[in-house]
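Read through the structure below, which is laid out as structure tokens, and then see the notes.
Values in this text are rule-based calculations from the coordinates and carry no lab data. Please read these numbers as outputs of a predicted model, since none were measured by experiment. So basically every Cβ, Gly included, is an ideal-geometry build from the backbone, and we count neighbours across all protein chains shown.
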Amino acid sequence: MVVAAVRAVVQLTAVSSVIVVVARSLWLSALFVLVMFTVRPGPRQAGGCCRRCVATWLPIAAGVVPVLAVVLGCRAVPLTGIAVVPIAASSSAAR
């Protein structure tokens with residue numbers, strides 16, 4: 001159990017460090033959101049991504065893109081990295 005706790009602390013430290021750096025730049029935030037979107041769990045083959053992945057990416061994009069467009073377009077949140085990452089992450093997590 002101690003090993004699992006140490007591993008969790010190390011992983012959370014690494015992820016939070018990446019997010020701190022990414023949140024300072026809008027371009028890095030957009031790249032981070034794209035990585036979150038494409039690296040999500042799903043069906044894979046040994047040679048790479050299978051054709052069914054496109055069928056799973058489209059519905060996710062259909063939910064994430066309009067939410068980001070409306071929220072950012074209405075200026076409900078500022079167009080900054082620190083605001084874009086949580087909105088995109090919570091929208092894509094609903095998959």
Ala61 paired with Ile82, simple spin-label distance in nm, labels 7 Å along Cα-to-beta-carbon: 3.1 nm
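Around Val84, under 15 Å between beta carbons, what's the net of Lys plus Arg minus Asp minus Glu among the other residues?
+2
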Val10-Cys74 pseudo-label distance in nm [points 7 Å out on the Cα-to-Cβ vector]: 4.4 nm
Neighbour-count order for Phe32, Phe37, fewest beta carbons within 10 angstrom listed first: Phe37, Phe32
